[in-house]
Amino acid sequence: MIGTMLGNRYEIIEKLGGGGMAIVYKAKCHLLNRNVAVKILRDELISDKDLVNKFKRESQAVASLSHPNIVNVYDVGEVNDIYYMVMEMVEGKTLKKVIKEKGALHQEEIIYYAKQIARALQHAHENYVIHRDIKPQNILITDDHRAKLTDFGIALSSSTNTLTNTGSLVGSVHYFSPEQARGGYTDAKSDLYSLGIAMYEMATGKLPFEGESPITVALKHLQEEPELPSDINDTVSEGLESIIMKLIEKDQYSRFQNASLLIDALNQLETDPEYILDDFEDEIDENPTHVNGYKEGDELLKMTEQKPFRKKKKTKNSHKTKIVLAAGIITALVAALLFTFGLFYVSNMFRTTEDIDVPDFIGMHLDEAKEKIEELGLQHRIEYRFDREADEDTVLLQNPSAGMSVRENYPIELTVSTGMETVKVPDLMYESKDNAVFKIEEAGFIVGDMEYATSDMPSGTVISQEPRAGTEMTQGEVVKIVISEGPEYEVVIMPDLVGSTIESARESLKELNLSSTVREEYSEEYVEDIVIQQSIVSGREIPEGTSVSLTVSAGVESPQIEDIEVEEEVIPDQEENNVEEPRTRTLPIQFDGGSGTVLVELYRVEENSDNTLIFTKNHNIEEDGNSLEVKVTGLGTQAFEIVIDGSVVRTVEVSF
């Protein structure tokens, strides 16, 4: 496989690793001149059409995802029964290796990495993609400490640590959820369970469930409760432990219902180290993203001697019981109403006090309203709510309304403003500038002056925010963001090289740390070796290292006369003054065994300088044929290099 060219673009360089389904190689993309990772389906699996279709379908689904915390998929293709997926090359190490090197991580590191993976899952789940194999081995930590999730939806490894059964039970046994072990449907909450197991391992340095076989571990996911992380590592805070334990609840609906809720909790913990997750039930997701069709897990379900949760069937007896119970309740209510009415009627017979007209309290300060209510001999009940318009302690509503008559000691209910609402600052990290501005304004905050700074993040991405995500602030306050300008580089001004000699032009570019490529062209205006055109106009700012294409004059083209023999008398005394004219030859190029479109380049070999590009063309072998003829001009004997898709395939000498 080493040296193979895929799609006339990706040259396989070396093997990086592999799993039960695919092998990963390092490759060179000749079109964009960068290294990439190429995942190739194993040869022994290509005969399984269902598996091949699954690889294609899931590869294309993941290729649609684009997020800073997900390994980018650049391309998907198939050449001669080689099914491959091209991904970005990530320099760094897996989270599993980080845990092995460090042991238990600090709480700040756990929150930092967990938030990034949660953001990646949030993006994937919003695009209806379930990972199904979240584990530290599939989380890459880059050299700049960014977490990136990889291997979406294609983890079908049949190793000793993975349970698979015709593609239905999927995931690494130490990390997969009880519903995966049981053979139930998987959804976004299944990925969150696996992330919880990974966080448990980050916090303690060990896995919550171990066993002699995958089946043993799977049964523990179904039946046993893990040891509390703080019992293993006493530095684990109650807040972090509460988040981890909620993530790894065995019942799907007892966990965080989506990644967004997890991110909110992590932001709270990051802002307040004393924060502990409340014991609450999230609203059940009515439309979960899930994967159906599991039947193989019934065996595991039987082994656990547990039955899946099912609603009890309604029987005739239970129906009759409910009717009797309802009748009893209605009878009691009627009796209570009659008693209350009678009591009210009797009390009115002995009432002697006069009615009190209720004043208008709306707009009053609370203290003034309370004082007036007490002067009238009435009671007051106060409720509070946020209001953007009214000042704090201003009465917004009242009941009864102004003008109504009530008896002494009657309670007046007042709704009072607490001022503008305090809202959590949204998480803006890695958002685009436009998205960040939208989120700030949607939350009721004001966008502050934006700052710009160079970074490794893509240009236009938020790389810093103030205050932090999750901070409680009053609506109308300012949120500041810092926008990435992309990687830092030096810029230079492109000089005007037209009219200069090629030697002088190359020297000028070299002094500015710019590179060049040269092609020749006949010209009646410029003499030979003079620059007649440059690819970048003069005066423009360009980054150092940019390659500039120069077109150089080859002089006036000599007329060619074919099939005519011309005899020219040469006087012996003048023989030394004759100047040999350049001649043109046809150089054939053959494409043996190739297919598709290839980039053909022809260089004149120079002895004391860089080789000169004299011809380039994208040649489609199917449409244009298996051969190509190139006209070359020169004197004496000259060498030429034939380069196809960036690789030198042959050097030939041509005699003129």
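The values are calculated or read from the model by the stated rules, or taken from the named source; none is laboratory data. Please read all numbers here as calculations on a predicted model, not as lab measurements. Positions of Cβ are generated from backbone atoms using ideal geometry, with glycine treated the same way; all protein chains shown enter the neighbour counts.
Going by what's in this entry, would residue 648 be described as surrounded by 14 or more Cβ atoms within 10 Å (Cβ to Cβ), outside the structural domain of residue 531 (by TED's automatic domain parsing), touching a Phe, Trp or Tyr at 6+ places or on another chain (Cβ under 9 Å) and of a type in the set (Val, Ile, Thr)?
Considered against the rule, which asks whether it is surrounded by 14 or more Cβ atoms within 10 Å (Cβ to Cβ), outside the structural domain of residue 531 (by TED's automatic domain parsing), touching a Phe, Trp or Tyr at 6+ places or on another chain (Cβ under 9 Å) and of a type in the set (Val, Ile, Thr), residue 648 comes out as no.
In this structure, does residue 215 turn out to be crowded, with 16+ Cβ neighbours inside 10 Å, β-branched (Val, Ile, Thr) and in contact (Cβ under 8 Å) with a residue 12 or more places away in the chain?
For residue 215, the condition - crowded, with 16+ Cβ neighbours inside 10 Å, β-branched (Val, Ile, Thr) and in contact (Cβ under 8 Å) with a residue 12 or more places away in the chain - is not met.
Within region 495-502, identify whether any single residue is without any contact (Cβ under 8 Å) to a residue 40 or more places away in the chain, over 30 Å from residue 429 (Cα atoms) and not β-branched (Val, Ile, Thr), and answer yes or no.
So far as region 495-502 goes, yes, one or more of its residues are without any contact (Cβ under 8 Å) to a residue 40 or more places away in the chain, over 30 Å from residue 429 (Cα atoms) and not β-branched (Val, Ile, Thr).
Given the condition assigned to a strand (DSSP E or B) and surrounded by 13 or more Cβ atoms within 10 Å (Cβ to Cβ), answer yes or no: does some residue in region 56-65 qualify?
no
Residue 83 - would you say it is touching a Leu at 6+ places or on another chain (Cβ under 6 Å), outside the structural domain of residue 115 (by TED's automatic domain parsing) and hydroxyl-bearing (Ser, Thr, Tyr)?
yes
If I ask for residues that are over 30 Å from residue 264 (Cα atoms) and surrounded by 13 or more Cβ atoms within 10 Å (Cβ to Cβ), which ones from region 482-495 would you list?
Once the filter is applied, which keeps residues that are over 30 Å from residue 264 (Cα atoms) and surrounded by 13 or more Cβ atoms within 10 Å (Cβ to Cβ), region 482-495 yields 492, 494, 495.
What about residue 128, is it part of a loop (DSSP other than H, G, I, E, B) and either in contact with a Cys (Cβ under 6 Å, 6 or more places away or on another chain) or assigned by TED's automatic domain parsing to the domain that holds residue 274 (or both)?
Spelling it out, residue 128 is indeed part of a loop (DSSP other than H, G, I, E, B) and either in contact with a Cys (Cβ under 6 Å, 6 or more places away or on another chain) or assigned by TED's automatic domain parsing to the domain that holds residue 274 (or both).
May I ask you to list the residues in region 430-467 that are charged (D, E, K, R), surrounded by 15 or more Cβ atoms within 10 Å (Cβ to Cβ) and in contact (Cβ under 8 Å) with a residue 40 or more places away in the chain?
The answer is 433, and nothing else.
Looking at 360, 427 in this structure, which one is part of a loop (DSSP other than H, G, I, E, B), in contact (Cβ under 8 Å) with a residue 60 or more places away in the chain and not β-branched (Val, Ile, Thr)?
Selected residue: 427, the only one of 360, 427 that is part of a loop (DSSP other than H, G, I, E, B), in contact (Cβ under 8 Å) with a residue 60 or more places away in the chain and not β-branched (Val, Ile, Thr).
Residue-wise test of (1) closer than 23 Å to residue 480 by Cβ; (2) basic (Lys, Arg); (3) surrounded by 13 or more Cβ atoms within 10 Å (Cβ to Cβ); (4) not assigned by TED's automatic domain parsing to the domain that holds residue 263.
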residue	(1), (2), (3), (4)
384	no, no, yes, yes
390	no, no, yes, yes
396	no, no, yes, yes
402	no, no, no, yes
406	no, no, yes, yes
410	no, no, yes, yes
427	yes, no, yes, yes
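Identify the single condition in (1) under 13 Å from the mean Cα position of the chain (by Cα); (2) at pLDDT 90 or above; (3) assigned to a loop (DSSP other than H, G, I, E, B) that residue 122 does not satisfy, given that it satisfies every other one.
Going through the list (1) under 13 Å from the mean Cα position of the chain (by Cα); (2) at pLDDT 90 or above; (3) assigned to a loop (DSSP other than H, G, I, E, B), residue 122 breaks only (3).
Any idea how many residues of region 371-419 are touching a residue at least 40 places away in the same chain (Cβ under 8 Å) and touching a Gly at 6+ places or on another chain (Cβ under 6 Å)?
Total meeting the criteria: 1.
Considering only region 13-42, how many residues are within 14 Å of residue 646 (Cβ to Cβ) and aliphatic (A, V, I, L, M)?
4
Considering only residues of region 522-534 that are modelled with pLDDT under 90 and either under 47 Å from the mean Cα position of the chain (by Cα) or of a type outside the set (D, E, K, R) (or both), which is surrounded by the most Cβ atoms within 10 Å (Cβ to Cβ)?
526
Which condition from (1) modelled with pLDDT of 85 or more; (2) loosely packed, with under 10 Cβ neighbours inside 10 Å is the one that residue 563 breaks?
Going through the list (1) modelled with pLDDT of 85 or more; (2) loosely packed, with under 10 Cβ neighbours inside 10 Å, residue 563 breaks only (1).
Would you point out the residue of region 468-481, among those that are crowded, with 17+ Cβ neighbours inside 10 Å and without any contact (Cβ under 8 Å) to a residue 60 or more places away in the chain, that is nearest to residue 268 (Cα to Cα)?
Looking at the filtered set, the residue picked out is 473.
In region 36-47, which residues are out of contact with any Phe, Trp or Tyr (no Cβ under 6 Å at 6 or more places or on another chain), over 19 Å from residue 149 (Cβ atoms) and surrounded by 14 or more Cβ atoms within 10 Å (Cβ to Cβ)?
Of everything in region 36-47, those that are out of contact with any Phe, Trp or Tyr (no Cβ under 6 Å at 6 or more places or on another chain), over 19 Å from residue 149 (Cβ atoms) and surrounded by 14 or more Cβ atoms within 10 Å (Cβ to Cβ) turn out to be 42, 45, 46.
Kindly list the number of the only condition in (1) modelled with pLDDT of 90 or more; (2) over 26 Å from the mean Cα position of the chain (by Cα); (3) assigned to a loop (DSSP other than H, G, I, E, B) that fails for residue 47.
Unmet for residue 47, out of (1) modelled with pLDDT of 90 or more; (2) over 26 Å from the mean Cα position of the chain (by Cα); (3) assigned to a loop (DSSP other than H, G, I, E, B): (1).
Is there a residue being in contact with an Asp or Glu (Cβ under 8 Å, 6 or more places away or on another chain) and under 19 Å from residue 48 (Cβ atoms) anywhere in region 82-96?
yes
Can you name the residue in region 83-121 that is of a type in the set (D, E, K, R) and within 20 Å of residue 273 (Cβ to Cβ) and is also surrounded by the fewest Cβ atoms within 10 Å (Cβ to Cβ) among such residues?
So the residue we want is 108.
Kindly check whether there is at least one residue in region 405-413 that is touching a helix residue (DSSP H, G or I) at 6+ places or on another chain (Cβ under 7 Å) and modelled with pLDDT of 90 or more.
yes
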